[in-house]
Amino acid sequence: MDITAVQVWQFILSGLTTGSIYALIALGFSLVYNATGVINFAQGEFVMLGGMITAASMEAWELPLWAAALVAIVLTTLIGLILDRAAIRPARHASVVVLIIITVGASIFIRGVAGIIWGPDERPLTAFSGEAPITIWGGTITPQSLWVIGTTLVVAIAMWLIFEYTVAGKAMRACAINAHAAQLCGIELSRMISWSFGLAAGVGAIAGIVLAPITMTQYNIGTMLGLKGFCAAILGGLGNGLGGIAGGLLLGVLEALGAGLISSQYKDAIAFVVLIVVLLIKPSGLLGGEEAEG
Amino acid sequence: MLRLTSVDASYGRVRALRRISLHVDDGEIVTLIGANGAGKTTTLAVISGLMPAASGTITFGEQTVTNWGPSRLVRAGICHVPEGRQVFGSLSVADNLQLGAYSTGLSRQEIRALMREQFERFPRLEERRTQLAGSLSGGEQQMLALARGLMSRPKLLMLDEPSLGLAPIIAHQVMAEVQKLREEGLTVLLVEQNARAALRIADRGYVIETGRIVLEGSARDLLDNPEVQRAYLGKGYREIWE
């Protein structure tokens, strides 16, 4: 098999697209992890909800795409807040492992309800700005891929602004650094945890919406996406936002290269091989530092 | 200003505090001395709402504040500067101060004015305002922790081991700062292992042992008390050996 530089470039381009999605999901994991120390295995379901609610509300109420997307983001954020209120907060004195298992349960529950409401059919979402591929240095990329990459960039910048410049963002960071001292400053831990779940759900929904035109959406896509995003978060250092984004992009590119150069059959395996290698060699992640400790 | 009456608290099944009663009057410096694990930090944690009181009552001013949440107590005017400083290491000095005023609901401008006050008090902090708090020296971190606490505009300041791990000269400065704060009208509850330094600036003191108050009195009396001298001031060994 002859591999040309253009082909490799093509793999990288498509890798960056899926990688962007992983990056957004990893961001969601980090948000909740920083606030609670919990790995929220329902993060993938937020992604599914984003796509499904958009598709369903376009279908049911004939909303334009932007309105349907807005509905999806708002509803998913609400579901994130409800998850915190109904399942996490009542058990807040339980150990982290118990809370993680609660999120696994919540994930199964959300998936089940989605399956009942929307059935097992895949739903398409039309691409936001047509299908005509764009050529960049000999590789082609669809406009939707640019949407995905651009959205990830915008969300990452927005997150950075929030955590660097707003009091609420700094308060959330303070809770992650030292919850004890943050409380003594009058910061309400439970409120920060709520916000982190809300933000994580919103970011997840955004990922699901921009992804849907590429892969179609279905009630059960959340599991695998969640696990991939989790791998990305571990790769970049759990709790490290920038690391998660880097981890996501790297994972996407590795997957695409592996699928292209070795065999597409191993595409999913690559993420988990990477995960195992990282956990064995550098469990704090490639960019993991002191803030990412468990 | 603050009164604890028969307060009990426990970690799981381990009773940490047994019927603790103490009070701090307006404008006083009161110190709580005792060995490691005697319950000093736990007492502060119960007052600041980090730990529930199993029984007993805590009043602050006119209000009964037993088992209020920490943020409500901060708003009421109780500030707890925790042991080991606990500044937010990966945030800047200015951000740490800003978060100190988190619960006050003050405007941006008022917070800035309050920050100015802290910088006048601790000029070192102004020099380092954009640095990460984690990069400061131990003494500077203690000043930051104190300044962060003052940003909440407290009536009662509770300091947990403010001189721990500091060079004697820095520890001395911290104690001098505490005295200055009292002159400015703050009431102080001071927890210290360095009993001598604490009793020198305090009006009254309590001695706590295994979760119980075993002795109380004016700072003068405690300094002269042979039991206190033997156990906490390191005096009397010579007499024993000679």
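Sort A:Met52, B:Met1, A:Met224 by Cβ crowding within 10 Å, fewest neighbours at the top.
Ranked by crowding around the Cβ, least crowded first: A:Met224, B:Met1, A:Met52.
Take A:Ile88, B:Ile111 and order them by how many other Cβ atoms sit within 10 Å, fewest up front.
Ascending number of Cβ neighbours within 10 Å: B:Ile111, A:Ile88.
Please give the calculated 222 nm ellipticity per residue for chain A, where each DSSP H segment of at least 4 residues contributes -39500 (n - 2.57) and the sum is spread over every residue; nearest 500 deg cm²/dmol? Kindly include the intermediate steps, with their values, before the conclusion.
Working: 11 runs with 211 residues, N = 294.
Taking each H run of at least 4 residues, the total per residue is -24500 deg cm²/dmol.
Give the average, rounded to an integer, of partner chain Cβ atoms located within 10 angstrom of each Cβ in A:162-174. If you can, show how the numbers build up before the last one.
On the way: counts 0, 0, 2, 1, 0, 7, 1, 0, 8, 5, 0, 5, 9.
Per residue, the average neighbour count from other chains is 3.
Report the semi-axes of the equivalent ellipsoid for chain A in whole Å, largest first, where each axis is √(5λ) for an eigenvalue λ of the Cα gyration tensor.
Working: eigenvalues 179, 110, 62 Å².
After scaling each eigenvalue by five and taking roots: 30, 23, 18 Å.
How many angstrom separate the Cα center of region B:82-108 from the Cα center of region A:43-83?
So the separation of the two Cα centres works out to 37 Å.
Taking a ≥ b ≥ c as the square roots of the eigenvalues of the Cα gyration tensor of region B:87-151, is the shape rounded (a/c under 1.5), prolate (a/b larger than b/c) or oblate? Please list the in-between numbers first.
On the way: a/c = 1.86, a/b = 1.51, b/c = 1.23.
Prolate is the answer for region B:87-151, as a/c is 1.5 or above and a/b outweighs b/c.
Let me know the shape class of region B:40-107, please: from the alpha-carbon gyration tensor, a ≥ b ≥ c as square roots of the eigenvalues, rounded when a/c is under 1.5, otherwise prolate if a/b is greater than b/c, or oblate.
On the way: a/c = 3.17, a/b = 1.58, b/c = 2.01.
Oblate.
Name the residue from B:Leu73, B:Gly134, B:Val14 whose Cα lies farthest towards the positive end of the charge dipole of the protein assembly as shown, charges +1 on Cβ of Lys and Arg and -1 on Cβ of Asp and Glu.
Of the candidates, B:Val14 comes out farthest on the positive side.
Report relative contact order for chain A in percent, whole number only (criteria: Cα-Cα under 8 Å, sequence separation at least 6). If you can, show how the numbers build up before the last one.
Numbers: 509 pairs, mean separation 107.6, N = 294.
Dividing the mean separation by the residue count of chain A yields 37 percent.
Given region A:129-268, what whole percent of its Cα pairs are spread farther than 22 Å? The partial results should precede the final answer.
Details: 4835 of 9730 pairs.
Within region A:129-268, distances greater than 22 Å cover 50 percent of Cα pairs.
Under the definition of partner shielding as Cβ atoms of other protein chains within 10 Å of a residue Cβ, what is the mean value for peptide B:113-122? It would help to have the intermediate numbers written out before the result.
Values: counts 0, 0, 0, 0, 0, 0, 0, 0, 0, 0.
Counting other chains' Cβ atoms within 10 Å and averaging over B:113-122 gives 0.
Pairs of Cα atoms under 8 Å, at least six residues apart: use those to get the relative contact order of region B:87-151, whole percent.
On the way: 69 pairs, mean separation 36.9, N = 65.
Relative contact order here is 57 percent.
Angle between the Cα long axis of helix A:65-83 and the longest principal axis of chain A, 0 to 90 degrees, nearest 10?
40 degrees
Per the Kirkwood formula on distinct C-alpha pairs, the Rh of region A:240-286 is how many angstrom?
Numbers: mean 1/r = 0.0904 Å⁻¹.
One decimal place: 11.1 Å for the Kirkwood radius.
Which trypsin sites (Lys or Arg not before Pro) in region A:44-134 pass both tests, a DSSP loop state and at most 13 other beta-carbon atoms within 10 Å? Walk me through the intermediate numbers first.
Details: sites: A:Arg85, A:Arg92, A:Arg111; in loops: A:Arg92.
Sites meeting the loop and neighbour criteria: A:Arg92.
Relative contact order for region B:15-115: what is it in percent, counting Cα pairs under 8 Å that are at least 6 residues apart?
On the way: 58 pairs, mean separation 17.3, N = 101.
Worked out over region B:15-115, it gives 17 percent.
Under the classification rounded if a/c is under 1.5, otherwise prolate if a/b is larger than b/c and oblate if not, where does chain B fall, given a ≥ b ≥ c as square roots of the Cα gyration tensor eigenvalues?
Working: a/c = 1.89, a/b = 1.32, b/c = 1.44.
It comes out oblate by the Cα gyration axes.
Scan chain A and hand back the longest stretch that contains none of the GluC sites (Glu not before Pro) lying in DSSP loops with at most 14 other Cβ atoms within 10 Å.
Working: sites that count: A:Glu62, A:Glu122, A:Glu131, A:Glu293.
Longest stretch, sites excluded: A:132-292.
Test of the criteria: in region A:111-156, which chymotrypsin sites (Phe, Trp or Tyr not before Pro) are in a DSSP loop and have at most 12 other Cβ atoms within 10 angstrom of their Cβ?
On the way: sites: A:Trp118, A:Phe128, A:Trp137, A:Trp147; in loops: A:Phe128, A:Trp137.
Those satisfying the criteria are A:Trp137.
Run lengths n ≥ 4 of DSSP H only: what is the helix-derived mean residue ellipticity at 222 nm for chain B, with -39500 (n - 2.57) per run over all residues, to the nearest 500?
-11000 deg cm²/dmol
Read-outs throughout are calculated quantities, based only on the coordinates presented, and are distinct from any laboratory measurement. Remember, predicted model here, so these are calculated numbers, not experimental data. Methodologically, a virtual Cβ is constructed for each residue, glycine included, from the backbone with ideal geometry; neighbour enumeration extends over all protein chains shown.
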